[in-house]
Amino acid sequence: MRITVLAGGIGGARFLAGLRTLGHDITVIGNNGDDVTLFGLRICPDLDTVMYTLGGGISADRGWGREDETFRVRDDIGAYVAASGTDDLPSWFGLGDLDLATHLVRAHWLAEGLPLSVITARLCARWEPGVRLLPSTDDPVETHVTLAAGERVHFQEWWVRLHAAVPATGFELAGASGASPAPGVLDAIAGADVVVLPPSNPVVSVGTILAVPGIREAVAASAAPVVGVSPIIGGAPVRGMADACLAAIGVETSAYAVAHHYRDLLDGWLVDETDKDDADRLNEDGLLARAVPLWMTDLDTTARLAGAVLTLAADVRQ
Ligand code: FO1
């Protein structure tokens, strides 16, 4: 089967590791809302998290960046910050020494004029993720967060520097109006046998992929079943800041409410077995929903979850 997955970072990448064991032809449309330019380097955290996770290079502890990483460059930058007394260097963002190689290579190819989709394919030639990884767009986009006081900051500043502790009131994919889907993205959606929304953040991961003009429309028009996995278990995000993001856009943090948030796109939805009530209510609302174990504790449980997604898709088709 041809399966197209709209994936964010850690949750999406872990889901993909389980899905890959089932042996299908997988295309991943990655999120570029987290992308940021720091120290002149274009950083694409979610693309790299998928690539490193599936390529066996991810830090198991952090879930982002490289395993066996050192941070000597970051610490040395810290020495310049301390000595200069300025606070204009983004030393709050930790690029590891090994990870820097990826960023230097990406910067080199960007400077040569290569599009991000070509660069991503070249980086993946080393990591062999076993999926086709596409950026959502080759155009520069990035999520900006409006804070309660009205100030707008980059998503990474809100998440990493401010620890998402400052309430947000909105999210916008800056650059989206001039962006178009990367080559292969619309074909991967139109040609899919199943389109999957994995347990990624519905606002700043899947939401920002869908915000690239043409992608939401392509998913909505897809003849294939569109099935999703709730990123919310028991009223809380599995990881990350989905609760703060959902609150900002007025959506309750529940498996039920996130399904309704995607309602115009979804044909099927998986919730955790502890949220069976949500599945019952969704079935009453007319959406095919099922309660299964959602915790991706190891590769076996994750593969079973991915299998449940494909079973649900087959049931939708019938
Ligand atoms: N997350 C952090 O909490 N602190 C960091 O210093 C940090 C650095 C970093 C570098 C490269 C990369 O690919 C990811 C990095 N992340 C870091 C993770 C990232 O900020 C977010 O977790 C994702 O963008 C959310 O999906």
> Counting only residues that are open to solvent by less than 20 Å² (accessible area, probe 1.4 Å) and within 16 Å of the ligand (Cβ to nearest atom), how many does the range 145-163 have?
Replying inline: 5
> What tally of residues in the range 73-119 results from selecting those that are farther than 15 Å from Leu41 by Cα, of a type outside the set (A, V, I, L, M, F, W, C) and free of Cβ contacts under 8 Å to residues at least 12 places away in the same chain?
Replying inline: 8
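Can you list the strands (runs of 3 or more DSSP E) found entirely within the range 190-290 that contain at least 1 residues being open to solvent by less than 20 Å² (accessible area, probe 1.4 Å), out of contact with any Asp or Glu (no Cβ under 8 Å at 6 or more places or on another chain) and among the small types (Gly, Ala, Ser)?
Output list reads 226-229.
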> Would you say Val118 is open to solvent by less than 70 Å² (accessible area, probe 1.4 Å), assigned to a helix (DSSP H, G or I) and away from the ligand (no atom under 14 Å from the Cβ)?
Replying inline: yes
> In the range 6-47, what residues are more than 22 Å from Val204 (Cβ to Cβ), in contact with a helix residue (DSSP H, G or I) (Cβ under 6 Å, 6 or more places away or on another chain) and small (Gly, Ala, Ser)?
Replying inline: Gly18
>> When the residues of the range 90-109 are narrowed to those that are open to solvent by 60 Å² or more (accessible area, probe 1.4 Å) and within 16 Å of the ligand (Cβ to nearest atom), which ends up farthest from Pro183 (Cα to Cα)?
In response: Trp92
>> Taking the criterion of being without any contact (Cβ under 8 Å) to a residue 60 or more places away in the chain and either surrounded by fewer than 20 Cβ atoms within 10 Å (Cβ to Cβ) or closer than 17 Å to Asp139 by Cα (or both), would at least one residue in the range 39-47 satisfy it?
In response: yes
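The values are calculated or read from the model by the stated rules, or taken from the named source; none is laboratory data. A quick note: this is a predicted structure, and the numbers were derived from the prediction, not measured. Because the Cβ atoms are built from the backbone with ideal geometry, glycine has one as well, and the counts that use them run over all protein chains shown. Note: accessible area is taken over every heavy atom of the protein model, side chains too, but ligands, DNA and RNA are not part of it. Shrake-Rupley method; radii C 1.70, N 1.55, O 1.52, S 1.80 Å.
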